[in-house]
Amino acid sequence: MIDLPALTFGSDGLLPVIIVDDASGDVLTLAYANRDALEKTLATQSTWLYSRSRQALWNKGESSGHTQRVVAIAYDCDADAVLYRVDPSGPACHTGARSCFGAPAMLDATGESATPRFPVAMERLAATIHARRNASPDASYTAKLLAGGVDRIGKKIGEEATEVVIAAKNDDVNELIWETSDLLYHLLVMLESRGISLDAVGAELARRASSAG
């Protein structure tokens, strides 16, 4: 168990908390906690933090339902930062993204503008699609697709899959990239319509990767 008296809190009574997905090791959030939040986290095995904007304790998932079961807690060598390893039941970010660090890096190691990695780009697109769920179908193509349900989305997936095959047979790399992106977008819309997360698909892909012969 963490030794709370050994921790070094800031002058505001807070210390940073890095929240990590226990299964993947991905960083989900950087937040803050005071002594009360840490004690509640230890007592309940649920993520408790301190909101600097609201000046109050809060329990992750209390309003969104996206709770986090705390698997382990550690602190760094200077005892002035804490790590929560969690099992999340949904997105960590208020935008609907799995991680608050889903935005692309501003610069790569060479100082050049960085292109988002494929998983990051997919998460950002999935979050955007989720945000369009309640938009007007007259103002958003995504909202129109979602309003049309599985039949409408499925028809588009069939069309886009055919376009991918045609692009591949035409040996046109740029066309293939474009049509593949269209197909992936419509697949994400279908997942959103059925309430299936990218994490669920990722878990199945990981299972297949580990058992592939």
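So that you can scan it fast, the table gives a plain yes or no per residue for (1) touching a Ser or Thr at 6+ places or on another chain (Cβ under 6 Å); (2) among the charged types (D, E, K, R):
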residue	(1), (2)
Val20	no, no
Ala37	no, no
Arg52	no, yes
Gln55	no, no
Gln68	yes, no
Ala92	yes, no
Across region 190-213, what is the number of residues that are assigned to a helix (DSSP H, G or I), among the polar types (S, T, N, Q) and modelled with pLDDT under 90? 2
Read through the list (1) touching a Cys at 6+ places or on another chain (Cβ under 8 Å); (2) at pLDDT 90 or above, then give the number of the only condition that Asp151 fails. (1)
Among the residues of region 63-86, write down those that are under 18 Å from the mean Cα position of the chain (by Cα) and modelled with pLDDT under 90. Ser63, Ser64, Gly65, His66
Going through region 84-106 one residue at a time, which ones are closer than 14 Å to Ile19 by Cβ and exposed (fewer than 13 other Cβ atoms within 10 Å of the Cβ)? His94
Out of the residues in region 156-210 that are in contact (Cβ under 8 Å) with a residue 40 or more places away in the chain and hydroxyl-bearing (Ser, Thr, Tyr), state the one that is nearest to Lys144 (Cα to Cα). Ser193
Does Ser24 qualify as being under 24 Å from the mean Cα position of the chain (by Cα), under 27 Å from Ile129 (Cβ atoms) and not aliphatic (A, V, I, L, M)? yes
Select, from Arg207, Arg132, the only residue that is outside the structural domain of Ser24 (by TED's automatic domain parsing), under 30 Å from His66 (Cβ atoms) and in contact with a helix residue (DSSP H, G or I) (Cβ under 7 Å, 6 or more places away or on another chain). Arg132
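The values are calculated or read from the model by the stated rules, or taken from the named source; none is laboratory data. Everything numeric in this text was worked out from a predicted model, so none of it was measured. Positions of Cβ are generated from backbone atoms using ideal geometry, with glycine treated the same way; all protein chains shown enter the neighbour counts.
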